[in-house]
Amino acid sequence: MNPLGWPGYDDQLRRARERTGSAESVSWRRDGDAVVVAFDFRFLGGSVGTAAGAVIEEAFGEARTRGLPVVSSIATGGSRMQEGMLSLRQLQRVARLCATHRAAGLPHVSVLRDPTTGGLWASLGAGADVVVGVEGAQVGFAGRRVRPEDGPAYTAEGQFAAGVVDLVVPEDAVAGLVRRLLPLLAGGSAVPAEVPRALGAVDLPADGWSAVERARSTTRPRAARYLDDYFEDRIPLSGDRAGGVDPGLLCGIGRRHGRSVVYIAQTGTATTPAGYRTASRLIRLAGRLALPVLTLVDTPGAANDSAAERAGVGAAIAELFGVVAEARVPITTLVVGEGGSGGALALSAPEHTWIAPDAYFSVIAPELAAAILKRGDVRELTNDLRLRPQDLVRLGVVRGIAEP
């Protein structure tokens, strides 16, 4: 096809077909229980025109008919110049295919090979449920010939640091990762996730300050230990897809007793706006795939410095409250350490929250409550706040105390 009558384009297509043995820059195939869309960069730089767009549409149509996930293995320079605006409009075509696939509750995984640039990165690549980058791959909206500079921002690692890529792995690890990932994304169930067992202290605190001290102890089990104990296998997912990553939040999908569970776990630090936006993204993903959610609460509170305010911490928390309220899948919460104010409550299921014996949940950190109320007796104030696990059960704030 040469819709613009571009001089020499017919010869370019002929040579590309002879060189690659393929009819176009994109092909698709059934690979087990998935449809794989594969790009060949040797074919005119993996560029996409109208014929390549038709191939992608055929692949997504097959996946939707068969109820299968799509894996997009991408290596492209973007739109094909020789087809002008007809080529650029394929981005809208691809976006519609991805949206229809999501609406059907089917997973989409993109693998970003070297290079992944231009409009296909901004549609097929970045729009997937899970985005996997290959180590060292050039990844960016602007290709090397048109961007004003070069640097780490235009790599898979740079996109991971910016919260746009979930994982970065070596080329030889991609196939194994996808084989592990696809079963975790499939087979959703509306049954709530089980409450994790308590891994720390089993006795209850005698007073409020004891509860606070135990929750703040450096020897108390943290989120990573709980996740290791709970799941047989898990794959981390990272980033808010808006330029941010919170290293104090562990997110991903794990397998427990043959069932997939989406997890979101605070690790004891103040949660940033990027962390709350990441949590919202994961809960929405769980809703689309019909997967239950497990949240582990452990934070002194939301980040409240000027950087957090500029990044929209209030709006990010408000969004997460709304996402939890509207969730179409069950959310199970265990408070495993500090439950500090709204920054902790945002990750808590309204009716399905439990607490570990060595944790507490409070309207605000005791020291901050003392400052607000102009009281100097912080230890006594912790008793007035009724923040111990047994107090919270009596108040109806939590459903119960986790058992070992």
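The values are calculated or read from the model by the stated rules, or taken from the named source; none is laboratory data. As the structure is a computational prediction, the values presented were derived from the model and not from experiment. Quick reminder, even Gly has a Cβ in these numbers, built from the backbone with ideal geometry, and neighbours come from all protein chains shown.
Answer yes or no: is there a residue in the range 306-316 that is of a type in the set (Ser, Thr, Tyr) and within 24 Å of residue 402 (Cα to Cα).
Checking the range 306-316: not a single residue is of a type in the set (Ser, Thr, Tyr) and within 24 Å of residue 402 (Cα to Cα).
For residue 216, are the conditions met, namely being assigned by TED's automatic domain parsing to the domain that holds residue 356, in contact (Cβ under 8 Å) with a residue 60 or more places away in the chain and in contact with a strand residue (DSSP E or B) (Cβ under 9 Å, 6 or more places away or on another chain)?
So residue 216 fits the description; yes.
Would you pick out the residues in the range 8-33 that are farther than 30 Å from residue 182 by Cβ and of a type in the set (Phe, Trp, Tyr)?
9, the sole residue that qualifies.
So, residue 331, is that one touching a Ser or Thr at 6+ places or on another chain (Cβ under 8 Å) and under 22 Å from residue 283 (Cα atoms) or not?
Considered against the rule, which asks whether it is touching a Ser or Thr at 6+ places or on another chain (Cβ under 8 Å) and under 22 Å from residue 283 (Cα atoms), residue 331 comes out as yes.
Name the residue that is surrounded by the most Cβ atoms within 10 Å (Cβ to Cβ), counting only residues in the range 255-290 that are in a helix (DSSP H, G or I) and among the hydroxyl-bearing types (Ser, Thr, Tyr).
By that ranking, first place goes to 276.
So, in the range 99-118, exactly how many residues are among the hydrophobic types (A, V, I, L, M, F, W, C), buried (at least 24 other Cβ atoms within 10 Å of the Cβ) and without any contact (Cβ under 8 Å) to a residue 60 or more places away in the chain?
Result for the range 99-118: 1.
Taking the range 332-343 as the region of interest, how many residues are surrounded by fewer than 24 Cβ atoms within 10 Å (Cβ to Cβ) and at negative phi?
Number satisfying all stated conditions: 2.
Which strands (runs of 3 or more DSSP E) sit wholly inside the range 316-404 and have at least 3 residues that are in contact with a strand residue (DSSP E or B) (Cβ under 7 Å, 6 or more places away or on another chain), under 21 Å from residue 304 (Cβ atoms) and not basic (Lys, Arg)?
Answer list for the range 316-404: 331-340, 360-362.
Being of a type in the set (S, T, N, Q), crowded, with 23+ Cβ neighbours inside 10 Å and over 24 Å from residue 55 (Cα atoms) is the requirement here; does residue 159 meet it?
Considered against the rule, which asks whether it is of a type in the set (S, T, N, Q), crowded, with 23+ Cβ neighbours inside 10 Å and over 24 Å from residue 55 (Cα atoms), residue 159 comes out as yes.
Kindly provide the set of residues from the range 202-231 that are buried (at least 19 other Cβ atoms within 10 Å of the Cβ) and among the aliphatic types (A, V, I, L, M), ordered by number.
Matches in the range 202-231: 211, 212, 215, 223, 227.
With respect to the numbered conditions (1) under 15 Å from residue 223 (Cβ atoms); (2) free of Cβ contacts under 8 Å to residues at least 24 places away in the same chain, which one is the sole condition not fulfilled by residue 295?
Here residue 295 clears every test but (2).
Could you please let me know if residue 128 is out of contact with any Asp or Glu (no Cβ under 6 Å at 6 or more places or on another chain), of a type in the set (Gly, Ala, Ser), closer than 22 Å to residue 278 by Cα and buried (at least 21 other Cβ atoms within 10 Å of the Cβ)?
Criteria met by residue 128.
So, of the residues in the range 33-72 that are in contact (Cβ under 8 Å) with a residue 40 or more places away in the chain and more than 23 Å from residue 89 (Cβ to Cβ), which turns out to be farthest from the chain's Cα centre (by Cα)?
Only one residue fits best here, namely 33.
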